[in-house]
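Worksheet: one structure, shown below.
The values are calculated or read from the model by the stated rules, or taken from the named source; none is laboratory data. Since the structure is predicted, the reported quantities are computational estimates derived from the model, not experimental observations. When we count neighbours, we look across all protein chains shown, and the Cβ atoms used for this are built from the backbone with ideal geometry, even at glycine. Heads up: the accessible areas ignore ligands, DNA and RNA and are worked out on the full protein's heavy atoms, side chains in. Shrake-Rupley method; radii C 1.70, N 1.55, O 1.52, S 1.80 Å.
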Amino acid sequence: MPDTHYDAIILGAGGAGLMCASVAGQRGRRVLLIDHADRPGKKILISGGGRCNFTNIHTAPERYLSQNPHFAKSALSRYTAQDFIALVDSYGIAHHEKTLGQLFCDGSAQQIVDMLLAECTKGDVDIRLGQPIDDVSHNGTDYALALAGETFTASKLVVATGGPSIPKMGATGFAYDLARQFGLKVVEPRPALVPLTLGGDEIMFRELSGVAAEVVARCGKTRFREAALFTHRGLSGPAILQISSYWQHGERLHINFLPDMQSGWLARTKREKPKATLPSLLSAQLPTRLAAALVKKLSLQGELANLSDKKLSLAEAQLAGWSFHPNGSEGFAKAEVTAGGVSTAELSSKTMEAKKASGLYVIGEAIDVTGWLGGYNFQWAWASGWAAAQRL
């Protein structure tokens, strides 16, 4: 009979699971890696337009959201972006910085998956794909998993099944169900890095579908300067995806359409070029269709000389803080990641082990730790997977 007992069983062959399995295997542990999907690293393969934005050189704990903003510090400091870059370089995978510290493969995301699988091979990891789990239990000593008519046991169980974002890739809330089964609290999951939708009076902006501009998006005290994109449903683009992680339903967000313009610029232009018009000025700074839509909402026509400084000041303020009231988001189907998840209060920040359930670990997106857009969530996957592997 085959030996079905392992030192550790890891559920989920995504970024975190592959990293954890490879490191634990190379540390001499007998590891079983299981995924219900038919191939490993599905989210890795579609990331970065197929080139995998595998880390960010500006990774720092303050660029992550969590009910405990300090939780990510330990893992991120012990397995850094430079550590993963060194691994990528050791495989001769060419890469480049696209913008804002985001690193992408020159070739294909498949290179990252192949690299992680090669690392698993070095650690003699047993990988089983396309096998959904029927049952998970614990007898006080070992965890037992029933799947495909077999039962596998291990003293350590690692949950690396992610969150429900992008369900068409097979994503589910399995990690939360398992966490609750073992008495762990879960912070309500919600879509993050997700397009926002507009309705009501703001539906006119949907007519700008395809128009993009560099803006500053703000929600509360948080702001991001990147491109915003109007869609047939509302707002998207990097600036919106970033701010969406901080936005709560019912809140307003504010867009500065002219982030490079200094206060009082319209009044100064009026004195310098009295015959200039607001449409012509905005068209010089913004896409024509967007400029026209904003002018229409501002209802300011004619030469600047015929407009009072007060009206110009009000228009300037509105352009610098245009208020949108999204009626929702495009949900988990379009969310790049999930905010919320297994509460950090339940886990050791050093090892990712559950405080209430000995031998149970949670890593990656399944935890209430959510990074900014641009490689931060992959770096959390690598770092949390590595941290857990040190204790397996």
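For the chain, the residue among Ser384, Ser308, Gln110 whose Cα projects farthest onto the positive side of the dipole built from Cβ charges is Ser308. Distant-in-sequence amide contacts of Ala109, defined by a placed amide H-H separation under 5 Å and a gap of 5 or more residues or a different chain, comprise Arg51, Cys52. When only Cα pairs below 8 angstrom with a gap of at least 6 residues are kept, the chain shows a relative contact order of 25 percent. Based on C-alpha pairs under 8 angstrom that are at least 6 apart in sequence, region 155-199 has a relative contact order of 25 percent. State the label only: which of [x] 20.2, 63; [y] 21.1, 68; [z] 24.5, 91 corresponds to Rg and Dmax of the Cα atoms in Å computed from the shown model? Only one option fits the structure, namely [z]. Simple spin-label estimate for Lys356 and Gln110 gives 4.5 nm between the two label positions (7 Å along the Cα-to-Cβ direction from each Cα).
For Leu347, the residues whose amide H sits under 5 Å from its own are Lys355, ignoring neighbours fewer than 5 places away on the same chain, with H placed 1.01 Å from N. With a simple spin-label model that places each label point 7 Å from the Cα along the Cα-to-Cβ direction, the separation between Asn68 and Gln262 comes to 4.7 nm.
Here the dipole of region 263-392 is about 620 debye; that uses its Cα centre as origin and unit charges on the Cβ of Lys and Arg (positive) and Asp and Glu (negative). Compared with the direct C-alpha span, the chain from Arg128 to Lys275 gains 45.7 nm at full extension, assuming 0.36 nm per residue. Largest accessible area first, the listed residues Ser263, Ser384, Ser74 line up as Ser263, Ser74, Ser384 when surface is computed with a 1.4 Å probe on the assembled protein chains. Each Lys and Arg contributes +1 and each Asp and Glu -1, all at the Cβ; summed about the Cα centre of region 100-256, the dipole is approximately 660 debye. Using a Gaussian network model of the chain in which every pair of alpha carbons under 10 angstrom is joined by a spring, one finds that among Leu307, Leu286, Leu178 the greatest mean-square fluctuation is at Leu307. Of the trypsin sites (Lys or Arg not before Pro) found in region 159-225, those that fall in a DSSP loop while having at most 14 other beta-carbon atoms within 10 Å are Lys185, Lys221.
A 18 angstrom limit on the alpha carbon distance is what I want to check against. Which of Lys43/Lys73; Lys43/Lys168; Lys297/Lys334; Lys185/Lys221; Lys221/Lys297 exceed it? Check vs 18 Å cut-off fails for Lys43/Lys73; Lys297/Lys334; Lys185/Lys221; Lys221/Lys297. Of the residues Ala267, Gly374, Ser283, the one whose Cα sits farthest towards the positive end of the charge dipole of the chain is Ala267 (charges of +1 on Lys and Arg Cβ, -1 on Asp and Glu Cβ, taken about the Cα centre). If a spin label sat at a point 7 angstrom from the Cα of Ser313 along the line to its beta carbon, the backbone N atoms of region 261-291 nearer than 14 Å would be those of 263-268. Among Val369, Val211, Val194, the largest mean-square fluctuation in a Gaussian network model of the chain, built with springs joining Cα atoms closer than 10 Å, belongs to Val211. Pull up the cross-link candidates among the lysines for Lys270, meaning alpha carbon to alpha carbon under 17 Å and not fewer than 8 places away within one chain. Within the straight-line cut-off, Lys270 pairs with Lys310, Lys311.
Ranking Glu150, Glu207 from most to least accessible surface, computed with a 1.4 Å probe over the protein chains only, gives Glu207, Glu150. The mean sequence separation of alpha-carbon pairs under 8 Å and at least six residues apart, normalised by the residue count of region 38-82, gives a relative contact order of 31 percent. Reducing region 320-364 and region 192-210 to their Cα centroids gives an inter-centroid distance of 25 Å.
If Ser329, Ser77 are ordered by their accessible area, calculated over protein heavy atoms with a 1.4 Å probe, which sequence runs from highest to lowest?
Ranked from most to least accessible, the order is Ser77, Ser329.
Can you give the helix-only mean residue ellipticity at 222 nm for the chain, where every DSSP H stretch with n ≥ 4 adds -39500 (n - 2.57) and the sum goes over all residues, rounded to the nearest 500 deg cm²/dmol?
It comes out at -8500 deg cm²/dmol, rounded to the nearest 500.
The trypsin sites (Lys or Arg not before Pro) found in region 91-164 that occupy coil by DSSP, while having at most 15 further C-beta atoms within 10 Å, are Lys98.
For the chain, give the magnitude of the charge dipole about the Cα centre (Cβ charges: +1 Lys/Arg, -1 Asp/Glu; no others), in debye to the nearest 20.
1400 debye
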